[in-house]
Amino acid sequence: MTKPAQVMVVTPHPDDAEYGVAGTVARWANEGRESIYVVCTNGNKGTSDANIKPEELVKIREEEQLAAAKLLGVREVVFLRYPDQGLEDTPQLRKELVRRLRRYQPETVVTADPYRRYIWHRDHRITGRVALDAIFPYARDHLAYPDLLEEGLHPHKVKEVLLWASEEPNYFSDITETYDLKLAALRCHKSQVGHNSYPDLEKRLRERHEMMAQGKGFQLAEAFYRIEILW
Ligand SMILES: [Zn+2]
């Protein structure tokens, strides 16, 4: 029997969770709230370096993700290893997410907002959408997956969903104390932020999180669209 975790972060690629929710994950870890990461794709297209092979990139990015998770106090990282830019809304992906929801029984699920308009990475849109479907109704209904039930994975009701990159955030999480950890976790993703691709990462990031905290009574925030599910 797996020990439940309070939080499940469902992320499209290695590094998205660090941009979206790492400061909040680190704060929760300090408060004794455990998080699990579920990484949907293997990130094998995330490079502009023509000399690196996709399969090498997968290994590198998993190591980077594990290093970042360790820094933040994430308990476990699950890699689903779907191809980068190849995620689809399939019964298989939905079931994989239901399996983890039932196994870890999180109160809170954090993922990408699928309803961001126009230019939005397809893997992000699909991750958010399938995660929401997995939460309701599939993780909840005992007749949804009789085989999972037979494995001892019982229905589960998530209480709260937080969506990052929302165009209409309604929930602002104080990351003033854990911002440095978030930045350090982002820097673990060397294949993404290591070389000169983001020379002003720190400046841009601070400005963004200051803006999210505007008028909130603290200095730095991560912003989400929050859904409370009243079952
Ligand atoms: Zn991504």
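Each reported figure results from applying straightforward, stated rules to the coordinates on display, with no laboratory input. Only a predicted model underlies this, so the values are computations on that prediction, with no experimental measurement involved. Please note: Cβ atoms are built from the backbone with ideal geometry, for glycine as well, and neighbour counts cover all protein chains shown.
For a quick protection proxy, order the peptides 67-73, 22-28, 148-154 by their average other-Cβ count within 10 Å, most packed first.
Ranking, from highest mean packing down: 22-28, 67-73, 148-154.
Using alpha-carbon pairs under 8 Å, 6+ residues apart, how would you state the relative contact order of the chain in percent? The partial results should precede the final answer.
Values: 435 pairs, mean separation 58.7, N = 231.
Across the chain, relative contact order equals 25 percent.
Among L163, G194, Y115, which residue has its Cα positioned farthest towards the positive end of the charge dipole of region 104-194, with +1 placed on the Cβ of Lys and Arg, -1 on the Cβ of Asp and Glu, and the dipole taken about the Cα centre?
Of the listed residues, the answer is G194.
Would you mind classifying region 48-110 by shape? Square roots of the alpha carbon gyration tensor eigenvalues, ordered a ≥ b ≥ c; an a/c under 1.5 is rounded, otherwise it is prolate if a/b is larger than b/c and oblate if not.
oblate
Kirkwood Rh over alpha-carbon pairs of region 116-220, then Stokes-Einstein at 10 °C and 1.306 mPa s: what D in µm² s⁻¹, rounded to an integer?
92
Which helices count as membrane-span-like in the chain under these terms: full DSSP H, at least 18 Å along the axis by C-alpha, Kyte-Doolittle mean of 0.5 or more?
Going by DSSP H runs, there are no hits.
How fast does region 58-197 diffuse by Stokes-Einstein, in µm²/s, taking the Kirkwood radius from C-alpha pairs at 20 °C and 1.002 mPa s?
127
For labels at I119 and F218 in the simple 7 Å Cα→Cβ model, what's the distance in nm?
Distance between the two pseudo-spin positions: 3.2 nm.
What ranking, highest mean first, results for peptides 86-99, 8-21, 35-48, 130-143 when packing means the other Cβ atoms within 10 Å averaged over each residue?
Going from most to least packed, we get 8-21, 35-48, 130-143, 86-99.
Set the Förster distance to 45 Å, then compute FRET efficiency between E202 and W231 from the Cβ-Cβ distance, nearest 0.05.
Here the calculated transfer efficiency is 0.60.
Are any of the pairs K45/K182; K95/K190; K95/K157 more than 27 Å apart by Cα-Cα distance, and if so, which? Mind dumping the intermediate values first?
Details: K45/K182 24 Å; K95/K190 32 Å; K95/K157 15 Å.
In this structure, K95/K190 lie more than 27 Å apart at Cα.
Using only alpha carbons, build the gyration tensor for region 1-114 and give me the equivalent ellipsoid semi-axes, biggest first, whole Å.
Gyration-tensor ellipsoid for region 1-114: 24, 17, 11 Å.
In whole Hz, what ³J(HN,Hα) sequence does region 33-41 give by Karplus (6.51, -1.76, 1.60; θ = phi - 60°), x for Gly and Pro?
So the J values, rounded to whole Hz, are 9, 8, 10, 10, 9, 10, 9, 6, 10.
Grab the beta carbon distance between E151 and E88, set R0 = 30 Å, and tell me the FRET efficiency rounded to 0.05. List each step's numbers first, then the result.
Numbers: r = 25 Å, r/R0 = 0.82.
Computed FRET efficiency for E151 and E88 comes out at 0.75.
Given the C-alpha centroids of region 100-135 and region 1-68, what is the distance between them in whole angstrom?
For region 100-135 versus region 1-68, the Cα centre distance is 14 Å.
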